[in-house]
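Only the coordinates and a few stated rules stand behind these numbers; no lab work does. Values in this document were obtained by computation on a predicted structure and should not be read as measured data. Because the Cβ atoms are built from the backbone with ideal geometry, glycine has one as well, and the counts that use them run over all protein chains shown.
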Amino acid sequence: MPATAVAQPAISVPVYLREYTTADHQTRWLMGQRVDGVPRVIDLPAPGTEGPSYVVEPDVREDGRATTDVLNPLLDDYIAKAEKLGYPPMHGWF
């Protein structure tokens with residue numbers, strides 16, 4: 001039986017968007033990344049630190065387009081929640 005090739009998603013290099021600090025002084029970065037052309041926001045530990053990574057929003061588009069009108073309020077809200085909670089908001093949503 002011939003092997004079937006499985007298409008791998010096209011994933012871009014993450015782009016720095018913003019950062020925040022948790023209550024235990026860990027710096028985390030919010031990054032933008034495209035997966036198969038779809039822009040997403042991810043929450044990662046800053047370089048040189050350890051911790052889990054989270055997908056904040058898997059599709060940052062409105063009407064098929066990614067715009068700062070969609071992205072900036074999302075980032076503002078996420079960072080405000082992180083500051084209030086003291087940890088990555090996505091950590092508590094599982």
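How many residues are hydrophobic (A, V, I, L, M, F, W, C), part of a loop (DSSP other than H, G, I, E, B) and in contact with a strand residue (DSSP E or B) (Cβ under 7 Å, 6 or more places away or on another chain) when one looks only at the stretch 35-94? Spell out how you get there, then give the answer.
Start the filter on the stretch 35-94 by keeping residues that are hydrophobic (A, V, I, L, M, F, W, C), which leaves 35, 38, 41-42, 44, 46, 55-56, 60, 66, 70-71, 74-75, 79-80, 82, 85, 90, 93-94.
Next, only the ones that are part of a loop (DSSP other than H, G, I, E, B) stay: 46, 60, 66, 94.
Next cut, in contact with a strand residue (DSSP E or B) (Cβ under 7 Å, 6 or more places away or on another chain) only: 46, 60, 66.
Final tally of qualifying residues: 3.
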Subject >> First in the stretch 35-49 and in contact (Cβ under 8 Å) with a residue 40 or more places away in the chain, second anywhere and in a loop (DSSP other than H, G, I, E, B), Cβ under 8 Å, 6 or more apart >> reply: Asp43/Ser53; Asp43/Pro88
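In the stretch 60-84, how many residues are exposed (fewer than 14 other Cβ atoms within 10 Å of the Cβ) and either touching a His at 6+ places or on another chain (Cβ under 6 Å) or without any contact (Cβ under 8 Å) to a residue 24 or more places away in the chain (or both)?
Matching residues across the stretch 60-84 total 13.
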Original post:
Residues in the stretch 78-86: is at least one aromatic (Phe, Trp, Tyr) and within 14 Å of the chain's Cα centre (by Cα)?
Top reply: yes
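Inside the stretch 15-44, can you point out the residues that are touching a Pro at 6+ places or on another chain (Cβ under 8 Å) and not hydrophobic (A, V, I, L, M, F, W, C)?
Filtering the stretch 15-44 down to residues touching a Pro at 6+ places or on another chain (Cβ under 8 Å) leaves 22, 26-29, 31-33, 35-36, 38, 40, 42-44.
Thr22, Gln26, Thr27, Arg28, Gly32, Gln33, Asp36, Arg40, Asp43, listed by residue number.
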